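Down below is the structure, laid out as structure tokens.
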Amino acid sequence: MQRSKLCDVTAIASRDEPRATAAAAELGIPKSYGGYQEILDDPDIEAVYIPLPNHLHAPWTLRAAAAGKHVLCEKPLAMSSAEAQEMVDGCQAAGVALMEAFMYRLHPLWVRVRELVRDGAVGELEAIQAFFSYRNLDPANIRNVTDFGGGALMDIGCYPVNVARMMFDAEPVTVAGVVRRDPSFGTDALTSAVLDFGGRHATFTCSTQLEDDQRVHLMGTEGRLLVEIPFNIPPDRPTRIIRAAGGSPPVEPGMEIIEIPPADQYAEQCDAFSAAIRSGEPVPTPPSDAVANMVVLERILASVTA
């Protein structure tokens with residue numbers, strides 16, 4: 001975020017003042033605070049980034065809004081769609097901007113993917129398949145704590161859901177999911193889902209207990225795209241889209257490698273968020289999208305328990 005051209009990171013807050021001081025010294029941040037409210041009380045701060053555990057997103061977003069601060073909040077926006085809507089309403093009433101931090105959407109990689117699909121590179125986009133996983137068995141990690149909104153679907157399954165809704169520019173008509181829960185943590189350790197967008201399908205698997213991997217396949221009537229590193233896009237090396245033209249057999253595909261120059265998706269996100277605030281224009285990802293994404297996550301979990 002410090003690489004942003006339109007944003008100055010001027011303060012950092014922690015519940016523990018020595019930790020805040022140490023982080024500020026390490027990162028060259030001018031101010032540090034030993035409490036979150038203190039940063040909201042600073043009149044020089046115009047906007048805050050909230051990367052706290054999921055269960056703290058809503059209360060601190062609403063407090064930030066009450067203090068007149070614009071909010072860039074980590075995904076998923078809230079613990080439920082109702083909570084997310086409360087955050088949207090609170091920020092709107094306070095006259096401040098709110099954006100969910102799906103940073104990947106603003107990277108040139110995904111800008112190019114959307115251009116390719118829009119321009120007919122795959123014909124009609126009919127199916128999306130995604131995989132996102134890592135391995136984390138630490139019981140103290142927030143991603144493994146149910147009360148903190150942990151679990152695979154909330155932490156990383158929200159990305160494939162977001163991709164599908166973004167690329168189809170629609171909401172799923174029906175959803176179905178399957179879940180395997182960790183017997184100790186109670187969180188979903190392995191989750192898969194099918195989203196039906198009126199005959200167009202998105203499928204994905206996410207896990208907090210498998211080998212690290214992430215991929216997105218976009219399948220059309222006249223071609224297909226593979227996005228190699230779709231979410232944790234490295235800032236210091238090129239990324240690739242692999243395009244197979246229509247009629248290319250799997251054994252001898254006619255492949256085109258589209259290389260995207262290095263870019264920092266967090267800096268891109270900060271630039272876009274800051275530009276919207278300065279211009280008074282809507283943020284690039286409207287907060288209503290965060291509510292809609294949360295609705296789909298809830299529907300997946302509801303389908304498992306139905």
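The values are calculated or read from the model by the stated rules, or taken from the named source; none is laboratory data. The model shown is predicted, which means the values in this text are computed figures rather than measured ones. Cβ coordinates were reconstructed from backbone atoms using ideal geometry, including for glycine residues, and neighbour counts include every protein chain displayed. These area figures cover heavy atoms from the full protein model, side chains too; ligands, DNA and RNA do not enter into them. Shrake-Rupley method; radii C 1.70, N 1.55, O 1.52, S 1.80 Å.
Data for the structure
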item: The one condition in (1) closer than 24 Å to Asp212 by Cα; (2) in a loop (DSSP other than H, G, I, E, B); (3) of a type in the set (A, V, I, L, M, F, W, C) that Ala170 fails to fulfil; result: (1)
item: Single residue of Thr174, Thr146, Thr191, Thr203 found to be touching a helix residue (DSSP H, G or I) at 6+ places or on another chain (Cβ under 8 Å) and polar (S, T, N, Q); result: Thr191
item: Selected residue [open to solvent by less than 20 Å² (accessible area, probe 1.4 Å), out of contact with any helix residue (DSSP H, G or I) (no Cβ under 8 Å at 6 or more places or on another chain) and either under 27 Å from Gly199 (Cα atoms) or not acidic (Asp, Glu) (or both)] from Ala127, Ala164; result: Ala164
item: Condition met for Glu268 (under 30 Å from Leu6 (Cα atoms) and among the acidic types (Asp, Glu)); result: yes
item: The stretch 218-268, residues that are under 13 Å from Val111 (Cα atoms), assigned to a loop (DSSP other than H, G, I, E, B) and open to solvent by 20 Å² or more (accessible area, probe 1.4 Å); result: Pro261
item: Strands (runs of 3 or more DSSP E) wholly inside the stretch 66-156 that include at least 2 residues being closer than 23 Å to Glu259 by Cα and at pLDDT 95 or above; result: 125-135
item: Members of the stretch 269-281 found to be surrounded by 12 or more Cβ atoms within 10 Å (Cβ to Cβ) and out of contact with any helix residue (DSSP H, G or I) (no Cβ under 6 Å at 6 or more places or on another chain), listed by number; result: Cys270, Asp271, Phe273, Ser274, Ala275, Ala276, Ile277
item: Tally, over the stretch 20-52, of residues that are part of a loop (DSSP other than H, G, I, E, B), open to solvent by 80 Å² or more (accessible area, probe 1.4 Å) and among the charged types (D, E, K, R); result: 3
item: Pick from the stretch 53-83, criterion of a type in the set (Gly, Ala, Ser) and touching a residue at least 60 places away in the same chain (Cβ under 8 Å), ranking: least open to solvent (accessible area, probe 1.4 Å); result: Ala78
